[in-house]
1. With a 1.4 Å probe and every protein chain kept in, tell me what percent of the accessible surface of the range 441-595 is carbon plus sulfur.
2. For the range 499-530 and the range 413-454, write down the distance between their C-alpha centroids in whole Å.
3. Tell me the GluC sites (Glu not before Pro) within the range 516-581 that lie in a loop according to DSSP and have at most 16 other beta-carbon atoms within 10 Å.
4. Which FRET efficiency value, to the nearest 0.05, is calculated for C615 and A238 with the Förster distance at 30 angstrom and r the Cβ-Cβ distance?
5. Considering only protein heavy atoms, with the full assembly of protein chains and a 1.4 angstrom probe, order L566, L127 by accessible area, largest first.
6. Testing the spin-label approximation: label points 7 Å from Cα along Cα→Cβ at I259 and A157. State their distance in nm.
7. Could you let me know the centre-to-centre spacing of the range 553-567 and the range 294-319, using Cα atoms, in angstrom?
8. Cross-link list K310/K528; K317/K346; K346/K509; K300/K408: which exceed 32 angstrom alpha carbon to alpha carbon?
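The values are calculated or read from the model by the stated rules, or taken from the named source; none is laboratory data. Predicted, not measured: the structure shown is a model, and the values here were computed from it. Note that we place each Cβ from the backbone using ideal geometry, even for glycine, and neighbour counts take in every protein chain shown. Surface accessibility is based on the protein's heavy atoms, side chains included, excluding ligands, DNA and RNA. Shrake-Rupley method; radii C 1.70, N 1.55, O 1.52, S 1.80 Å.
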Amino acid sequence: MDHKLKIRLSRCSLAILLVSSLFPQMWDAAVSRPNVLLIMADDLGYGDLGCFGNDTLNPQDGAATKERLHEKVSANDRGPYSIPKLKYLFVLHIRTPNIDQLAREGVKLTQQIAAASLCTPSRAAFLTGRYPIRSGMVARHDPRVFARTGASGGLPANETTFAKLLQQQGYTTGLIGKWHQGMNCESHNDHCHHPLNHGFDYFYGTPFTLVNECQANKDPEMNVQLQATYWFYTQMAALLVFTLVLGRTTGLFHVKWKIIAFSASCGILFFISWFANYGFVRYWNCIMLRDHIITQQPIKLENAASRILKESTSFIKRNKQGPFLLFVSLLHVHTPCFTTKMFDGKSRHGLYGDNVEEMDWMVGKILAAVDKEGLRNNTFTYFTSDHGGFLEAREGITQLGGWNGIYKGGKGMGGWEGGIRVPGIVRWPGIVPAGSVIDEPISLMDIFPTVAHLAGASIPQDRVIDGRNQIALLQGAVQHSEHEFMFHYCGSYLHAVRWYQKESGPVWKVHYTTPIFNPEGAGACYGKGLCPCSGEGVTHHDPPLLFDLSRDPSEAVPLSPDTEPLFHTVLKHIGRAVEEHRGTLTPVPQQLSSGNNMWKPWLQPCCGTFPFCWCDNEESDTHSYKVG
């Protein structure tokens, strides 16, 4: 940036702060009740964006560049499973010009932390400003997210979302895209967990998430090993019946037809029971809604991006008189990474790169809609991801998940930085200094009190709110985040804790539990598909692993009493913080318990005659937008 421009921006920021301190009423009138635009990607890796380190590299880069790359990749990424990754780091680049431009126009948050490393709990925390364990949106066992639209668990009605607070302040509120916070409680249409029951005036999107089953001809993703076991048992039952019939008809042995019929009936019932649970996943889980009405079942991914984009821009146009809150919860870049024809093969990073570039294009179109309506200066715009990239998402040696930069681990890992550190960008022209960087611990939960403050809403006083209002930090009025401790859960298990010593600078982090990578040293749980939180798949550390993230952000070399004089002091201080934190937790119903997360046919949303649930009431238009 030009030196003179930097000086002018600094003077502008100082003037803003001076006005805010000397004339608070004038300040409040100028910046109160802005529009709020929140854009959240799904499974986006920290290192996938150009503005967060995905720099252009090509085969002509010399040895010096390759050496720098090896230095940037953490120790856990140097195992046998990382060789393809390092290979295409040299030669490939994902282009994200629109998000990079957003970062240049706003503040880049380099130490933004998700409250969980999986979709459902992370998004619950984002919506409520509270650790998901407080609302029961965590699980002790797999699955750790909602696995069915026909399940009874969901974001409790007594939880307050930022949408509800802004709705009460007169905002028109909309959610477009992914929900994944539950649907029904007692019947297929009570909608007790629906977005419209949590403060959103308008909803268009999927109540669930994307899974491989949502795309035809994709290998199944949900409980693959269990399905294989069920299919084996079904084949054995069929073989048994065939053997009995053959023996009876050839006279090899005598068996009554009643026994054969009974055996066949049991086999058929067994097949129906498990196949109904998994074979119709595409029809029962992959749904698009407009408010309470099913518009498409199953979802057609080939034009889902176009429809979500069209809905987002239409919402902005309809509500340009404001104030409005729009939460665009993108389906990108979650597997199966279906990409429309205009982006297929467009990147140099395979299908995942195509998907990221399509997401960037969508973000650009949404921001262009804001500009077109003249709302740029009166819109608080925020971009992030719900958690880190999905390292285990692969087809052969092809990577279908994101890259988390120098950070260890990824999606599903409760403590390692790669699963919980996510990109963050805030733009608010004239209020937030453009082109600035904040390297302070910030949580996704902070959006709750921050936008509440912007709307003039009061934070609920009857519950613990873990998020912090970060407006002063974003403006540069204060130098440090209010967060001192952050607690990193894997399901309902506390895996790690971060302690930020504002006065002296270190960011200490202890790991009580870490996943066992498979194969050893690979950096992820490739043999399991997703790292577990407990049981034989984790290691408990006594004493805990200790890192200073300010010196070792890759968490490559644990500290010891020999290498860190404050080792025992830090552990003792964090231990006291953990006890205090646990003292604030109260028992609540577990929304992701086996009973609440199992499929219940009477709760299944269906636009046809159950179990034949399929319809398409969308106006399919894949050519509504052009690239460029």
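1. After summing per-atom areas, the C and S share lands at 53 percent.
2. Here the two parts' Cα centres lie 21 Å apart.
3. Working: sites: E520, E536, E555, E579, E580; in loops: E520, E555.
Counting only loop positions with at most 16 other Cβ atoms within 10 Å, the GluC sites (Glu not before Pro) in the range 516-581 are E520.
4. 0.35
5. Sorted by accessible area, descending: L566, L127.
6. My value for the distance between the label points is 5.5 nm.
7. That distance is 49 Å.
8. Check vs 32 Å cut-off fails for K310/K528; K346/K509; K300/K408.
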